[in-house]
Amino acid sequence: MTVNIYQGPVACQVLVKNKGVCWAAFNKKETVVVEDVHQFPNHIACDSRSNSEIVVPLKNRNAEIIGVLDVDSKEKAAFDEVDAQWLEKILLLIYHEL
């Protein structure tokens, strides 16, 4: 998986297959919320300031994943199910506008 559209400090640009939170969300085909990335197996430490993360798959109309939205926070447990629900809704709106 290659990082494409990007906002923030430069971090990992190529993600090792099946490693990290982005690949976990991609493989599970669902949003992954991680309260403490340091406890996540095979976490890719691209930014030492990151302590929690949420990754939301972007799916096309055939439910195929065409990308992911990856948001990190310096705070632990910064994301919850409410964040997951709203980010999923936002990605649905974005996809339908493409």
* To do: Among the lysines, select those whose C-alpha is under 22 Å from the C-alpha of Lys17, and discard any that sit fewer than 8 residues away in the same chain.
  => Lys28, Lys29, Lys59
* Using amide H atoms built 1.01 Å from N in the peptide plane, name the residues 5+ places from Gly67, or on other chains, whose amide H lies under 5 Å from its own. => Leu58
* For each of Trp23, Trp86, count neighbouring Cβ atoms within 10 Å of the residue's Cβ, then give the residues from fewest to most. => Trp86, Trp23
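What ranking do Ser52, Ser73 get, fewest neighbouring Cβ atoms within 10 angstrom at the top?
On the way: Ser52 21, Ser73 15.
Fewest-to-most Cβ neighbours within 10 Å comes out as Ser73, Ser52.
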* To do: Could you point to the residue in Phe79, Ile94, Ile54 farthest towards the positive end of segment 21-97's charge dipole, with +1 and -1 charges on the Cβ of Lys/Arg and Asp/Glu respectively?
  => Ile94
* To do: Return the sequence-ordered ³J(HN,Hα) values of segment 41-49 in whole Hz as given by the Karplus equation 6.51 cos²θ - 1.76 cosθ + 1.60 applied to θ = phi - 60°, using x for Gly and Pro.
  => x, 6, 4, 9, 8, 7, 9, 5, 7
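None of the figures in this text is laboratory data; all of them are computed from the coordinates on show. Here the structure is a predicted model, which is why all the values come from computation and not from measurement. Heads up, the Cβs are rebuilt from the backbone with ideal geometry, glycines too, and the neighbour counts pull from every protein chain shown.
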